[in-house]
Amino acid sequence: MAKSMLVVKFGGTSVGSPQALSNVAGIVGKVKQDWRRVAVVVSALGGVTDLLREGAAAAGSGDSVKAKRCAETIRKQHRVAIEAGSLDGEVVEAVDACLHELEGLYHAVSVLKEVSPRALDAITSLGERMSIHIVSGYLTHAGTAGVPVEASEFLITDAKFQNASPLMDEVSGCARQVLEPIYRRKAVPVITGFIGATREGVITTLGRGSSDYSAAIIGAALDADEVWIYTDVDGVMTADPRQVPDARSLPSLSYREISEMAYYGAKVVHPKAIRPCVERNIPLRIKNTFNPDHPGTEILANGRKTSGVIKAVTAIRDQTMVTVMGGGMMGVPGIAARTFATVARMGVSVTLITQASSEQSICFSLPASSGKPVHSALEEEFRREIDREDIDAIDLLESCAIVTVIGEGMRKTHGVSGRIFTALGGAGVNAIAIAQGSSECSISMVVTKADETPAIRAIHALLVSEENVASA
Ligand code: ADP
Ligand code: ASP
Ligand code: MG
């Protein structure tokens with residue numbers, strides 16, 4: 001019997017070339033045989049969002065020639081996909097209408113000489129608004145009727161342009177209303193990832209890389225049985241395969257493990273994509289568009305038992321570490337609260353926090369771009385304490401990375417951290433600050449940029465050796 005409802009999402013590389021698009025059509029045709037209802041969510045063609053932003057920045061700084069060049073590259077990329085797939089006039093018209101809109105938006109930005117977050121959302125939304133037509137065209141050509149759908153029709157969000165959040169209570173009803181007629185025709189909706197709209201119909205985006213989040217939102221809204229995210233690797237791996245050549249794919253993870261991995265830098269899934277699935281207990285699967293027979297990674301509430309305690313190692317680059325220290329801080333209430341309130345006021349989110357038990361220092365890391373402005377704001381906030389020498393210094397350590405080791409089993413196993421730090425010592429890596437995740441399934445450390453890859457590789461070697469011992 002056919003299963004009920006599946007959401008499949010294809011990322012930029014998965015729709016980035018004619019060959020990839022044909023694979024997508026093949027995959028959707030196949031899942032359609034096993035599932036009664038399938039919703040397809042797609043990203044922009046690979047590289048298009050970056051180009052749209054580049055053009056917007058150029059237009060904003062008055063460089064109309066460069067903006068035009070970006071638009072032209074985007075046009076050609078879509079043209080190649082359309083021609084290779086022999087897609088019909090309807091697709092060409094829809095894509096041309098978007099390109100025309102882009103021209104108008106770039107022109108408006110170049111006149112205003114300013115790219116507001118709202119304008120940038122309108123501009124970058126065009127990538128997904130074009131790709132749905134191309135993907136639907138490929139599906140239809142391969143015998144599965146595809147219907148392009150702009151998520152702005154039902155994915156209602158707040159008005160936080162560039163980083164909007166869905167208003168879930170409203171999304172669910174609207175999504176059903178928009179998609180039901182498509183299902184009645186036994187067709188497959190091909191929905192834009194990445195975008196939504198305010199109640200007034202103004203386009204928003206959910207943040208970079210957020211098509212995964214869109215898929216999870218749509219899965220939750222439609223009460224899907226499963227959400228599958230197709231990308232360009234064989235599921236979630238023990239480390240970023242670009243950094244660790246012998247990284248291997250993980251058959252199974254728990255929601256907690258994938259949340260920590262995504263939060264601490266494993267780009268393979270957007271960190272916000274986990275929660276909508278957890279809340280409705282929807283299993284998530286990560287699969288490879290270019291190797292569709294590989295089972296990929298299955299993500300369930302508790303995962304499945306596998307060998308080894310350390311599951312994976314990840315990194316977040318471009319971090320700055322801030323240390324607020326001083327003998328006079330000891331026992332002075334409110335220093336930590338004021339420190340983090342200052343950071344929060346600037347709209348910056350902190351990636352990692354540690355505090356020495358003597359209370360003589362608070363140490364946290366931030367994205368590098370926020371380091372200097374936060375430093376100035378903290379000096380301002382603590383001017384009096386610095387003058388009174390209660391606080392000795394607010395230090396900045398630039399060019400850092402956070403390396404995180406992940407595994408549910410770590411909390412029940414003695415000696416894991418000892419082995420991790422021995423491995424790091426052996427590789428000559430110095431951990432500048434250390435924090436344990438509150439879910440106790442991760443340990444993070446701040447290292448210098450130069451130490452990042454040696455740290456990742458040393459921990460990965462430990463992971464492999466422990467796995468071998470466990471399965472021997
Ligand atoms: P998509 O365009 O499909 O959303 P992304 O580029 O956002 O794909 O994410 C996939 C990439 O994430 C992979 O190509 C891989 O290089 C990178 N990556 C980083 N860490 C991991 C990991 N632990 N497992 C798998 N891939 C990872
Ligand atoms: N196209 C968007 C981006 O590049 C969303 C995504 O790919 O998930 O950020
Ligand atoms: Mg992605």
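Here are a few things to note about the model shown:
- Label-point gap, in nm, between H107 and D225 - each point 7 angstrom along Cα→Cβ: 5.1
- For the chain, complete DSSP H runs whose alpha carbons reach 27 Å or more along their own long axis and whose mean Kyte-Doolittle score is 0.0 or higher are 89-112, 117-141, 449-471.
- When DSSP beta bridges are restricted to pairs lying wholly in the chain, around 60% turn out antiparallel.
- If only the Cβ of Lys and Arg carry +1 and only the Cβ of Asp and Glu carry -1, the dipole of the chain around its Cα centre is close to 1000 debye.
- For the range 320-472, alpha-carbon Rg over 2.2 N^0.38 Å: 1.18
- For a label point 7 Å along the Cα-to-beta-carbon line of Q19, residues of the range 282-296 with backbone N under 20 Å: 287-294
- The slack in the chain from R69 to R280, taken as 0.36 nm per residue of separation less the alpha-carbon distance, amounts to 71.5 nm.
- Each Lys and Arg contributes +1 and each Asp and Glu -1, all at the Cβ; summed about the Cα centre of the range 11-139, the dipole is approximately 280 debye.
- Taking only the C-alpha atoms of the chain, the Rg (one decimal) and the largest Cα-Cα distance, Dmax (whole number), read 24.0, 75 Å.
- Added length on full extension, which subtracts the Cα-Cα distance from 0.36 nm per residue, A336 to K76: 88.3 nm
- Ordering L397, V268, V343 by the projection of their Cα atoms onto the charge dipole of the chain, which places +1 on the Cβ of Lys and Arg and -1 on the Cβ of Asp and Glu, puts V268 at the extreme positive end.
- The chain: calculated mean residue ellipticity at 222 nm from DSSP helix runs of at least 4, using -39500 (n - 2.57): -14000 deg cm²/dmol
- Segment A461-T448, length gained on full extension (0.36 nm per residue, minus Cα span): 2.7 nm
- Each residue was assigned an accessible area with a 1.4 Å probe, and for H294 the value is about 50 Å².
- Solvent exposure, largest accessible area first (probe 1.4 Å, DNA, RNA and ligands not counted), of V374, V469: V469, V374
- The residues of the range 145-296 expose, per residue, 40 Å² of accessible area to a 1.4 Å probe.
- Lys/Arg +1, Asp/Glu -1 at C-beta; the range 383-472 dipole; positive extreme among G418, I434, L462: L462
- Protein-only accessible surface at a 1.4 angstrom probe places the residues T351, T238 in the order T351, T238, largest first.
- Computed label-point distance, nm, for sites A368 and D34 using a 7 Å Cα→Cβ extension: 4.3
- Antiparallel bridge percentage (DSSP; both residues within the range 229-370; nearest 5): 70
- Accessible surface ranking that places the most exposed of V416, V147 first, with a 1.4 angstrom probe: V147, V416
The values are calculated or read from the model by the stated rules, or taken from the named source; none is laboratory data. What you see is a predicted model; the values in this text were computed from it and never measured. We place every Cβ from the backbone using ideal geometry, glycine too, and count neighbours over all the protein chains shown. We work out accessible area using only protein heavy atoms, side chains counted, and drop any ligands, DNA or RNA first. Shrake-Rupley method; radii C 1.70, N 1.55, O 1.52, S 1.80 Å.
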